[in-house]
Amino acid sequence: MSLPPPSSEALAHSHRVAQHIAREIDTRGGWISFAYFMELALYAPGLGYYSAGAAKFGGAGDFVTAPEISPLFGRTLARPISAMLERYNGDILELGAGSGRLALDVLRELASLNTSPGRYQILELSADLRERQRALFQQHAPELLDRVSWLDELPDSFSGVVLANEVLDAMPVHLAHWRDGEIWERGVAFENGGFVWRERLMPDGELRTAAKGIVPGEDYISEVSLAAPALIRSIGKILKVGAAIFIDYGFRREEFYHPQRNRGTLMCHYRHHAHDDPFYLPGLQDITAHVDFTAITDAAATAGLEVALMTRQAKFLIDSGITDLLGQVSPQDAATYLPLANQVQRLLSPAEMGELFKVVVLEKDGNFANDP
Ligand SMILES: C[S@@+](CC[C@H](N)C(=O)[O-])C[C@H]1O[C@@H](n2cnc3c(N)ncnc32)[C@H](O)[C@@H]1O
């Protein structure tokens, strides 16, 4: 791989992250699940990719998410959210708010539509990102800051709209290898100064039950997510009345575990280069997996949430009025119009985010939902 070289400071940081993971492997008898490796590389306090100070989002970072691409993403989302808030009359709870861009665009648009939520709560695991989110509001909309509050964990009870853009893909996944008529778990060992893959027969338990429900073919390696469905079940528990909007890239199960995708969907992002080696520079790169949306909608069903909508991002944004918002800018004003038109193209194009990204809306409104 020829990727941009990190600074000596960044290399030293990555070395500390690797040492920390190596110690954890040692403490646990020489082997950890890939899910635990991913959790440590991304979220180990003060060390992990999301917990420490890397730039992450935008041009100077490693990847670009929809809210960073265009303010029209958040402004468009605000429209269905506005209708939901009128119906449910509650707050907004955003999970993993990144730079804070989506929160800012949604809150501003809701203010202009006169449907501001009581509160905009952000569940943010990273202290560094919280500070960046607060600074963004301070800089662009200090008048909205008193509506925003930060949480360390899900509240016991919530009514209103839960929002999560590209959160499910950042949740740790286990790796399964279906081969020789058995199911093996791919985990990580530390040998001769480096991380290596080591497989173990998957013992009985939740993971094996989930993997047994898939069996995509012989010599097939892929991810099995327990954390993302668990998050959906938690949302089902705390949501009294309201909706949860999850936006992410992924597929329904038959497409996710397609015979041709027999090495899975793990993807790493480092300075706008995508590759598939999660052991590269731990702590300096993002590690993600596509979302198995069948696991999400199955979890929703068991948690008393109705799948109100599951569609492609392009259709969702068009139905929610993104082209109307763009149409409010005159094409004569090329300096404003052209960048926005380009951004909308990236959000909608099937070759970019329009098809791969899906929007799932889960609802609980007391009429049809069974309490779990
Ligand atoms: C790829 S970033 C997306 C950030 C932002 N939503 C955006 O669209 O730019 C993934 C985010 O998910 C957060 N995250 C991961 N697991 C989470 C969890 N269990 N609860 C809340 N946030 C989580 C990470 O801390 C990170 O901020």
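The values are calculated or read from the model by the stated rules, or taken from the named source; none is laboratory data. This one's a predicted model, so the numbers in the text were calculated from it and none came from an experiment. Cβ: placed from backbone, ideal geometry, glycine included. Neighbour counts: every protein chain shown. Remember, those area values only see protein heavy atoms, side chains included, never the ligands or the DNA or RNA. Shrake-Rupley method; radii C 1.70, N 1.55, O 1.52, S 1.80 Å.
Can you tell me how many residues in region 140-168 are acidic (Asp, Glu), within 15 Å of the ligand (Cβ to nearest atom) and farther than 18 Å from residue 74 by Cα?
2
Quick one: residue 85 ticks every box in (1) within 16 Å of the ligand (Cβ to nearest atom); (2) over 30 Å from residue 222 (Cα atoms); (3) open to solvent by less than 50 Å² (accessible area, probe 1.4 Å); (4) not small (Gly, Ala, Ser) except a single one, so which number is it?
(1)
Please verify whether residue 36 is open to solvent by 10 Å² or more (accessible area, probe 1.4 Å) and in contact with a Leu (Cβ under 7 Å, 6 or more places away or on another chain), treating the condition exactly as stated.
no
State yes or no: is residue 60 of a type in the set (A, V, I, L, M, F, W, C), out of contact with any Cys (no Cβ under 9 Å at 6 or more places or on another chain) and open to solvent by 20 Å² or more (accessible area, probe 1.4 Å)?
yes
With respect to residue 26, is the statement that it is among the acidic types (Asp, Glu) and surrounded by 20 or more Cβ atoms within 10 Å (Cβ to Cβ) true?
no
For residue 35, which of the numbered conditions (1) of a type in the set (Gly, Ala, Ser); (2) within 16 Å of the ligand (Cβ to nearest atom); (3) over 26 Å from residue 7 (Cβ atoms); (4) in a loop (DSSP other than H, G, I, E, B) fails to hold?
Residue 35 satisfies all of (1) of a type in the set (Gly, Ala, Ser); (2) within 16 Å of the ligand (Cβ to nearest atom); (3) over 26 Å from residue 7 (Cβ atoms); (4) in a loop (DSSP other than H, G, I, E, B) except (4).
Can you find a residue that is open to solvent by 20 Å² or more (accessible area, probe 1.4 Å) and among the β-branched types (Val, Ile, Thr) anywhere in region 324-337?
Checked against the condition, which is being open to solvent by 20 Å² or more (accessible area, probe 1.4 Å) and among the β-branched types (Val, Ile, Thr), region 324-337 yields at least one hit.
Residues of region 103-120 being small (Gly, Ala, Ser) and within 16 Å of the ligand (Cβ to nearest atom), which ones?
Result: 103, single match.
Filter region 169-181 down to the residues that are charged (D, E, K, R) and more than 19 Å from residue 125 (Cα to Cα), then identify the one that is farthest from the ligand (Cβ to nearest atom).
Among residues in region 169-181 that are charged (D, E, K, R) and more than 19 Å from residue 125 (Cα to Cα), the one farthest from the ligand (Cβ to nearest atom) is 180.
Filter region 188-231 for residues that are open to solvent by 50 Å² or more (accessible area, probe 1.4 Å), part of a loop (DSSP other than H, G, I, E, B) and touching a residue at least 40 places away in the same chain (Cβ under 8 Å) and give the result.
Listed by number, the residues that qualify are 218, 219.
Which residues, taken from region 119-135, are farther than 14 Å from residue 155 by Cβ, surrounded by 22 or more Cβ atoms within 10 Å (Cβ to Cβ) and at pLDDT 90 or above?
If the condition is that a residue be farther than 14 Å from residue 155 by Cβ, surrounded by 22 or more Cβ atoms within 10 Å (Cβ to Cβ) and at pLDDT 90 or above, then 129, 133 are the ones that fit.
Going through 210, 164, 227 one at a time, which residue ends up being touching an Asp or Glu at 6+ places or on another chain (Cβ under 9 Å) and farther than 22 Å from residue 24 by Cα?
Only one candidate passes the filter, namely 164.
Which one of these is of a type outside the set (A, V, I, L, M), on the phi > 0 side of the Ramachandran plot and away from the ligand (no atom under 13 Å from the Cβ): 100, 29, 59?
The match here is 29.
Are there any pairs, at least 6 apart or on different chains, whose C-beta atoms fall under 8 Å, with the first in region 257-280 and open to solvent by less than 30 Å² (accessible area, probe 1.4 Å) and the second of a type in the set (Val, Ile, Thr), and if so, which?
257/214; 264/221; 266/173; 266/287; 266/288; 268/287; 268/288; 278/287
Here is a list: 303, 308, 289. Which entry is under 29 Å from residue 235 (Cα atoms), open to solvent by 20 Å² or more (accessible area, probe 1.4 Å) and touching a residue at least 24 places away in the same chain (Cβ under 8 Å)?
So the residue among 303, 308, 289 that is under 29 Å from residue 235 (Cα atoms), open to solvent by 20 Å² or more (accessible area, probe 1.4 Å) and touching a residue at least 24 places away in the same chain (Cβ under 8 Å) is 308.
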